[in-house]
Amino acid sequence: LVMPQSIAFAPSGDLYVAGRPLHCSSASPTTFDSDLAAHATLVMPQSIAFAPSGDLYVAESDSQRINRIRVIGTDGKIAAYAGAESKCNCLERGCDCYEADHYLAISAKFNTISAITVTPDGHVHIADQANYRIRSVISSLPEAGTSKEYEIYAPNAQEIYVFNRFGQHIATKNIMTGEITYSFLYNVNTSNGKLSTV
């Protein structure tokens, strides 16, 4: 390998090394003909990390226009995960490679990604070195609790909204005490249920 950059253990215990084999050219295509990782060319991989699910996250950064994360699924397919290609060279003065109010990972601007890690909860954390930040990619969708209920927190209203697996609003709780302030009943416990009692 030419300058190996990173190592990571897969959930299976296998060791992976990020780097370029000596027999591979350093030229990189700008378009991809296939979604299979075996046919993709990585651009200067800087760091790799495995999710508990076995998906492999690869940080690619040339510190200029390409600062992105791609994910290789257990099915062998590669897909964009985070980071938009910059319209200018991040090393040049006046090139803005950061936007504070970007909430979608796929369109976020990074400047020199130096490392990534995936925590046991599946969240991806990215060292955005030249922007002096650790940035995290998390799902905006709530996870179902053990009783198959979803809780949506509304700090401004000081309430928690509880929904069942059919998307029905079944309760409202006080955010501080956890006490139920409103309870909702439906005529049938399906997605077709109509509200019958508050």
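General remarks:
- Calculated FRET value between V2 and S139, using beta carbons and R₀ = 25 Å, to 0.05: 0.10
- Which labelled figure in (1) 35, 20, 14; (2) 30, 25, 18; (3) 42, 20, 15 is semi-axes √(5λ) of the Cα gyration tensor in Å, once derived from the coordinates: (3)
- Local electrostatic count, T181, Cβ distance below 11 Å [Lys/Arg +1, Asp/Glu -1]: -1
- Under 13 Å, Cβ to Cβ, from A105 - net charge with Lys/Arg +1 and Asp/Glu -1: +2
- Long-range amide H partners of S47 with built H, under 5 Å: A59
- Residue-count net charge about L56 - beta-carbon cut-off 14 Å; Lys, Arg +1, Asp, Glu -1: -2
- Ranked by the mean number of other Cβ atoms within 10 Å of their residues, highest first, the peptides 186-198, 72-84 come out as 72-84, 186-198.
- Spatially, region 35-64 and region 108-177 are offset by 24 Å when compared through their Cα centroids.
- Whole-Hz couplings from phi, Karplus 6.51/-1.76/1.60, listed for region 3-20; x for Gly and Pro: 6, x, 9, 7, 10, 8, 9, 6, x, 6, x, 6, 9, 10, 10, 8, x, 10
Every read-out reported here was derived from the displayed coordinates using simple, explicitly stated rules and does not represent laboratory data. The shown structure was predicted, so the numbers you read here are calculated from the model rather than taken from an experiment. With ideal geometry, Cβ positions are generated from the backbone for all residues, glycine too; neighbour counts draw on all protein chains shown.
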